[in-house]
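Read-outs: derived from the displayed coordinates by stated rules, not from any lab. Model, not experiment: these values are computed from the prediction. With ideal geometry, Cβ positions are generated from the backbone for all residues, glycine too; neighbour counts draw on all protein chains shown.
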Amino acid sequence: KTQKPLLFHEQAAKLLNQVNISAYFPWHFTDPLKNPAISPQEVYKKNSDIIKKSNFVLAHLGEPSLGVGIEIELANLHKTPVIGFAPKGARVSRMALGNPSMKSFFFYKNMKDFIMKLSETLETINI
């Protein structure tokens, strides 16, 4: 059984906090159920502004998502590197992987493997 992408992002946040990197998760601020009053234009602007200021973007590519695709292209527009990841065996978009902002990508088997590979990636890429 695969775990939800949000769980992986939350574990990534814990790892990033350990190395003094703060994480921003759009769904904490612009989730349509938790924040229905925020307009689509405000969501786009807020997330675009955050990506522009970020050191890098983490992108779960294990399932198709218009939002993640847009975030990857915004990262490219703003010259923000992307670290992509997906569960082992997932079909991953070649378009996403080919985006110039995609600086690293890995498949993971489970949460422990994910944390190990993310740690290694953060140590080896120049962000």
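For the pair E42 and I125, the difference between a 0.36 nm per residue extended length and the Cα-Cα distance amounts to 26.7 nm. Given axes a ≥ b ≥ c from the Cα gyration tensor, I'd like to know whether region 88-127 is rounded (a/c under 1.5), prolate (a/b larger than b/c) or oblate. Cα axes put region 88-127 in the oblate bin. Multiplying the residue separation of M116 and K34 by 0.36 nm and removing their Cα-Cα distance gives an extension gain of 26.3 nm.
Ranked by the mean number of other Cβ atoms within 10 Å of their residues, highest first, the peptides 57-69, 25-37, 106-118 come out as 57-69, 106-118, 25-37.
Taking the Cα centre as origin and putting +1 on Lys and Arg beta-carbons and -1 on Asp and Glu beta-carbons, what dipole magnitude results for the chain, to the nearest 20 debye? Provide the component values of the computation, followed by the final result.
Details: 16 positive and 10 negative charges, 45 e Å.
Roughly 220 debye for the chain.
Specify whether the C-alpha gyration tensor of the chain places it in the rounded, prolate or oblate class, a ≥ b ≥ c being the square roots of the eigenvalues: rounded for a/c under 1.5, otherwise prolate if a/b is larger than b/c and oblate if not.
In terms of gyration-tensor shape, rounded.
Projecting each Cα onto the charge dipole of region 11-127 (Lys/Arg +1, Asp/Glu -1 at the beta carbon, about the Cα centre), which of S65, N110, I21 comes out farthest on the positive side? Most positive-ward Cα: N110. Under 20 Å between C-alpha atoms is the cut-off here; go through the chain and count lysine pairs that meet it, provided they're at least eight residues apart or on different chains. Count of close lysine pairs: 29.
Based on DSSP H segments of at least four residues, each scored -39500 (n - 2.57), the chain has a per-residue ellipticity at 222 nm of -15000 deg cm²/dmol.
Going 7 Å from the Cα of L7 toward and past its Cβ, which residues in region 82-123 have a backbone nitrogen under 20 Å from where you end up? Correct set: 85-91, 106-119.
Is region 61-127 best put as rounded, prolate or oblate by its Cα gyration tensor, with a ≥ b ≥ c the root eigenvalues, rounded for a/c under 1.5, and otherwise prolate when a/b is larger than b/c, oblate when not? Since a/c reaches 1.5 but b/c is at least a/b, the shape of region 61-127 is classed as oblate.
In a DSSP loop and with at most 10 other Cβ atoms within 10 Å, the trypsin sites (Lys or Arg not before Pro) in region 47-86 are K79.
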